[in-house]
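> Could you have a look at this structure, given as structure tokens, before my questions?
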Amino acid sequence: MSESPVASTIDFDRPGKQVGRLRVPRSTNDSGWSSVFIPAACVANGSGPTVLVTGGVHGDEPEGQVAALNLAREVQPADVRGRLIILPCLSPEASRAYTRLWPSGANLNRSFPGSPDGPPDEQLADYLTRTLFPLCDAVCDIHSGGRSTMHLPWSEMHMVEDRTQRAAMVDAMLAWGTDYHFIYINIAGGGLLVDEAERQGKIVIGTELGGGGHVTAEIHRVTKHGLGNFLRHLGVLTGAVETRVSRGLPEAVILKALEMRDYNLAPESGLFETLVDLGQDVTAGQLVGRLHFIERPERAPAEVRAGSAGVVCGVRAIASTQQGDCVVVVGQRCSRADLL
Ligand SMILES: [Zn+2]
């Protein structure tokens, strides 16, 4: 395979704190000879794990970008045991535009493992796949529902096959300390950042922290606390790990949505009306939403009925809906033991 065209100003083998960038070559209508700069920081101090934190894979998800920028600015070598690599915004052009996808239409979270010979998103994915993931013990990719979806705030993981890897992921997921955690399947294609990091055997955690195009102060606090506690749990940040018990909080709710029927898709295009709210219990077959037809005022709305019983944990945030859009996600309560 060709050498990566992506360059880094950071020497990942050097101790101490470095703040710089990755440079991905690109050529556009407005700028023939240019590059996309990906902000990056590396803080290394002695022996310990290497952990990669990524934000802004999707440009309309500011939670992780803000938390990672704060962390990158504040963290000092004395706070670190091992090596902490922070990429606060992997899709800066999408972040500026506040869109999920890159201006090219690429979804970086469908570009993995990537290719050094592909378009810029695949080149960046390939750099993570072949250069950064191999350095790491753990990877945390911070997402939210973006503009299109509202989620309960949670940390999440896939049910990877390897039981040792999975057990380490469960504990790292719980270390986020959120009220909810989520076990999911890919319903909209593969090629995710986490897919490739999991394939390489890493401890891989994602998040969906709210969404709907707006971030509350509470969500920023949840993100900052969860990320810090996750990093202390892994040992890459110094300091005591907090538990929900030590914080005086009730046990977290773990939800799993491992069947396609848990993800309710719009049967036709229309104006979506949700009939349920996040955190609400529903029964299988319950009417959870309706699609209205602004061009057919005499027509009864189309029904969306829950494909499974459980807790509503995702609701579409953009009312204007196309056939096939996911409008309501339902997860079933499970225990930590169920995941091992
Ligand atoms: Zn995302």
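> Sort 100, 244 by accessible area with a 1.4 Å probe, largest first.
100, 244
> Once neighbouring chains are kept in place and the probe is 1.4 Å, which whole percent of the accessible area of the chain is contributed by carbon and sulfur? Let's see the in-between values first.
Working: 7520 of 14660 Å².
Heavy-atom surface of the chain belonging to carbon and sulfur, 1.4 Å probe: 51 percent.
> While we're looking at this one, here's another question. In whole Å, what are the extents of region 22-74 along the principal axes defined by its C-alpha atoms, from largest to smallest?
45, 25, 17
> What is the dipole size for the chain, taken about its Cα centre, with +1 at each Lys and Arg Cβ and -1 at each Asp and Glu Cβ, in debye to the nearest 20? It would help to have the intermediate numbers written out before the result.
Details: 31 positive and 39 negative charges, 126 e Å.
That gives a dipole near 600 debye.
> Checking the a/c ratio against 1.5 first, then a/b against b/c, what shape does the Cα gyration tensor give for region 172-235? Walk me through the numbers before you get to the answer.
Details: a/c = 2.32, a/b = 1.23, b/c = 1.88.
Note, shape of region 172-235 comes out oblate.
> OK, next. Can you tally the net charge around residue 42? Count Lys and Arg as +1, Asp and Glu as -1, for every other residue whose Cβ sits under 14 Å from the Cβ of residue 42. Display every interim value, and only then the final one.
Numbers: positive: 14, 17, 21, 73, 83; negative: 11, 13, 79.
Counting the neighbours of residue 42, the net charge comes to +2.
> Okay, next question. Of the peptides 152-158, 196-202, 235-241, 264-270, how do they stack up when ordered by the mean number of other Cβ atoms within 10 Å, highest first? Walk me through the numbers before you get to the answer.
Numbers: 152-158: 24.0, 196-202: 19.3, 235-241: 16.0, 264-270: 17.6.
By packing density, highest mean first, the sequence is 152-158, 196-202, 264-270, 235-241.
> Let me cross-check residue 321: its accessible surface, 1.4 Å probe, with only protein heavy atoms counted, in Å² to the nearest 10?
Here the accessible area works out near 0 Å².
> When only alpha-carbon atoms are used, what values of Rg and Dmax, in angstrom, describe region 192-340?
Using the Cα atoms of region 192-340, the pair Rg, Dmax is 18.8, 63 Å.
> Let me ask another. Take every DSSP beta bridge whose two residues both sit in the chain, then give the antiparallel share in percent to the nearest 5. Let's see the in-between values first.
Details: 49 of 73 bridges.
If we restrict to bridges inside the chain, about 65 percent are antiparallel.
> With 16 Å as the cut-off, how large is the P(r) tail for region 48-170, expressed as percent of Cα-Cα pairs?
Cα-Cα pairs of region 48-170 separated by over 16 Å account for 67 percent.
> Looking at the chain, I'd like the Rg to Rh ratio, where Rg is from alpha-carbon atoms and Rh is Kirkwood's inverse mean 1/r. All intermediate terms of the calculation are to be shown ahead of the outcome.
Numbers: Rg = 20.3 Å, Rh = 20.7 Å.
So for the chain, dividing Rg by the Kirkwood Rh gives 0.98.
> Just how large is the dipole of region 82-235 about the Cα centre, in debye to the nearest 20, putting +1 at every Lys and Arg Cβ and -1 at every Asp and Glu Cβ? It would help to have the intermediate numbers written out before the result.
Details: 13 positive and 17 negative charges, 74 e Å.
In total the dipole reaches around 360 debye.
> Also, I was wondering about something else. Whole angstrom only: what separates the Cα centroid of region 43-83 from the Cα centroid of region 214-287?
21 Å
The values are calculated or read from the model by the stated rules, or taken from the named source; none is laboratory data. Just so it is clear, the structure is predicted and the values come from calculations on it, not from any experiment. Cβ: placed from backbone, ideal geometry, glycine included. Neighbour counts: every protein chain shown. The area values use the complete protein model at the heavy-atom level, side chains included, leaving out ligands, DNA and RNA. Shrake-Rupley method; radii C 1.70, N 1.55, O 1.52, S 1.80 Å.
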